[in-house]
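To start, the structure under review is shown below, and the notes come after it.
The values are calculated or read from the model by the stated rules, or taken from the named source; none is laboratory data. Owing to the predicted nature of the structure, the values given are computational and were not obtained by experimental measurement. Cβ placement follows ideal geometry from the backbone for every residue including glycine, while neighbour counts extend to all protein chains displayed. Accessible surface is based on the protein model in full, side chains and every heavy atom, while ligands, DNA and RNA are left aside. Shrake-Rupley method; radii C 1.70, N 1.55, O 1.52, S 1.80 Å.
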Amino acid sequence: MNRHEHVNRHERVKPHAEIAEVWPRDGRVRLVGRIHGRPAEGDWRLLLTRRGRTDRPLDYPAQVKGDRFEGELPLADLVTPDPAEIEEWDIHLTDGEARLRAGRQLDDIHGKKKIMVFPEQRVRGLRVRPYYTVKDNLSLECRTGATS
């Protein structure tokens, strides 16, 4: 891909929270990235939405400087009174108006789901690990029960 094609591809990618670093450790997942395709002014927060139970999202402060953001997700908050064997939480960045999906779209690595594997953490009977979806978005997978 030449430079011109690379620039055009970036222009075609819809606004999102471009993930640069994922740090799963100490009962938290720290995320670092850039806001892509949208002005970064305002107060931003990391938003976690449980698939199948979108009525109770979790949100956490995100520090934004220029277009760069970072924030942490405490994994103990993912322990729910009604856990399923496997649950997934989608990650967004929001300023209350825009809701930008967190993912890694601007590199040349496709199929991250099979390539990038993050370590699992355990918190109160829950096994949690970040993962990239088939669309290269970042989500969290939570599993209950014994290790398989």
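Worth a mention:
- Note on exposure: Val134, Val128, Val13 ranked by accessible area (1.4 Å probe, complete protein assembly) read Val134, Val13, Val128, with the most exposed listed first.
- Thr144 contributes about 40 Å² of solvent-accessible surface, heavy atoms of the protein only, 1.4 Å probe.
- Per residue value of the accessible surface for the chain (all protein chains in place, 1.4 Å probe), Å²: 58 Å²
- Distance between the C-alpha centres of segment 28-62 and segment 90-148: 13 Å, rounded to the whole angstrom.
- If you look at the Cα atoms of the chain, you get an Rg and a Dmax of 15.7, 51 Å.
- Only protein atoms count toward the accessible area here, which uses a 1.4 Å probe; on segment 45-148, the carbon and sulfur part of that area reaches 50 percent.
- Near-label residues of segment 84-107 by backbone N, under 17 Å of a point 7 Å along Cα→Cβ of Asp59: 90-102
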